[in-house]
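Have a look at the structure below before the remarks.
The values are calculated or read from the model by the stated rules, or taken from the named source; none is laboratory data. Computed from a prediction, not measured in an experiment: that's the story for all the values here. Using ideal geometry, Cβ is built from the backbone for each residue, glycine included, and neighbour counts are taken over all protein chains shown.
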Protein chains: 2
Amino acid sequence: MNYPNGLKKKTTNTFSTPVSHKNRGMNLEEELNNTNQYYRDIDKAYIYKKPTPIQITKVDYPSRDKTIIKEAFFTIPSTTDYNGIYKGYYIDFEAKESKSNTSFALSNIHPHQIKHLQNIERHKGISFLIVRFTSLNETYLLTTDKLTSFLDNNDRKSIPLDYFKENAYPIKDGYNPRVDYLKIVDQLIGGTK
Amino acid sequence: MNYPNGLKKKTTNTFSTPVSHKNRGMNLEEELNNTNQYYRDIDKAYIYKKPTPIQITKVDYPSRDKTIIKEAFFTIPSTTDYNGIYKGYYIDFEAKESKSNTSFALSNIHPHQIKHLQNIERHKGISFLIVRFTSLNETYLLTTDKLTSFLDNNDRKSIPLDYFKENAYPIKDGYNPRVDYLKIVDQLIGGTK
């Protein structure tokens, strides 16, 4: 493994898709990374974004201690993007932005990611979806439980905003942390709603 | 994200370093991946190897629905390789092979990975190191607790095999699962040793 000088401080494992770099202002992923960093800084929780899975097909060794990946492809993630520990609980979630004002398209999540969230819930972890409706600037935490009951009772290809309003927890924008989702996890642990 | 046809079934996120591909027979990483797959198949635990963190520096878009990474570098992992959930517990570990017959060089683990294991333990997760002495074919599970007490009481740059014999749990080779480390986690949960 090599860590070329001056390169490691740029993107790294927070890289998701090349497209996201064109956005200015902080997107949900960046805000969650900052939030998780804040939680770590105050020793509250250790939750990380997983590196983006890729398949490497060509590698170069220009010198003994240097490795350059010359060809690689993004692959389908087997799990969700974020996991870690809070108060002894295993935390696992996926975070997505929706451009629509009225619904969240289920095509945004891979079916095996939904299965993964359900597996975690069944094994007594805390799993959920964080969805931001970007143009409304509204962010919701939808528990796997409520996600599953939507899927079980609907044939729709998207979850209407109204379903979030009625069944999910709104996450208020903050300064630091930006997306204080653990406040809601505290409620989940407490067992309300 | 693109998933080029016929490519996704090859290596994927189990890729660790290009060197490991030269080995024949199953190495520790492959055995752990098989073991974790087995645990998932029988719905016992959901523990995954994280993708290898890389920093992408050049990307090509040969067509609208195709993305090729043309240059990327391996970066230092911020956490350990494996984490997941078992019986509601957050599980986190790093796995390493040692070529030496007499000791495990601490240079194999990054200092922030050790810190990470300690953070997890402090927050009531179960964290440990799995070390295989390859030429002896002996595999040990060393809890973070015992790792920390070694580090606190020694200036050595490696942990002697004898320390493992006295303070770690041997993991016996099996057929399926190959490396049944959850048997030892059961003992940790039970609170012996």
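Summary of computed values
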| item | result |
| --- | --- |
| Test: residue in the stretch A:148-157 that is small (Gly, Ala, Ser) and within 19 Å of the chain's Cα centre (by Cα) | no |
| One residue from B:GLY88, B:GLY84 being in contact with an Asp or Glu (Cβ under 9 Å, 6 or more places away or on another chain), at pLDDT 95 or above and of a type in the set (Gly, Ala, Ser) | B:GLY84 |
| Which listed residue, of A:PHE104, A:PHE93, is assigned by TED's automatic domain parsing to the domain that holds A:SER127, at pLDDT 95 or above and more than 30 Å from B:ASP92 (Cα to Cα) | A:PHE104 |
| Some residue of the stretch B:170-183 being over 28 Å from A:TYR46 (Cα atoms) and among the polar types (S, T, N, Q) | yes |
| Given (1) of a type in the set (A, V, I, L, M, F, W, C); (2) without any contact (Cβ under 8 Å) to a residue 60 or more places away in the chain; (3) crowded, with 22+ Cβ neighbours inside 10 Å, index of the condition B:ILE130 fails | (2) |
| Every residue from the stretch B:49-72 that is over 30 Å from B:TYR38 (Cβ atoms), in contact with a Pro (Cβ under 8 Å, 6 or more places away or on another chain) and facing chain A (nearest Cβ under 7 Å) | B:ILE56, B:VAL59, B:THR67, B:ILE68 |
| Residues located in the stretch A:158-176, provided they are at pLDDT 95 or above and not small (Gly, Ala, Ser) | A:ILE159, A:PRO160, A:LEU161, A:ASP162, A:TYR163, A:PHE164, A:LYS165, A:GLU166, A:ASN167, A:TYR169, A:PRO170, A:ILE171 |
| Test: residue in the stretch B:27-37 that is at pLDDT 90 or above, more than 7 Å from every other protein chain (Cβ to nearest Cβ), surrounded by fewer than 17 Cβ atoms within 10 Å (Cβ to Cβ) and in contact with a Pro (Cβ under 8 Å, 6 or more places away or on another chain) | yes |
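Each row is one residue, and each column tells you yes or no for (1) closer than 20 Å to B:PRO51 by Cβ; (2) of a type in the set (Asp, Glu); (3) in contact (Cβ under 8 Å) with a residue 24 or more places away in the chain.
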| residue | (1), (2), (3) |
| --- | --- |
| A:THR80 | yes, no, yes |
| A:GLY84 | yes, no, yes |
| A:ILE91 | yes, no, yes |
| A:LYS96 | yes, no, yes |
| A:SER100 | no, no, yes |
| A:PHE104 | no, no, yes |
| A:HIS110 | yes, no, yes |
| A:HIS116 | yes, no, yes |
| A:ASN119 | yes, no, no |
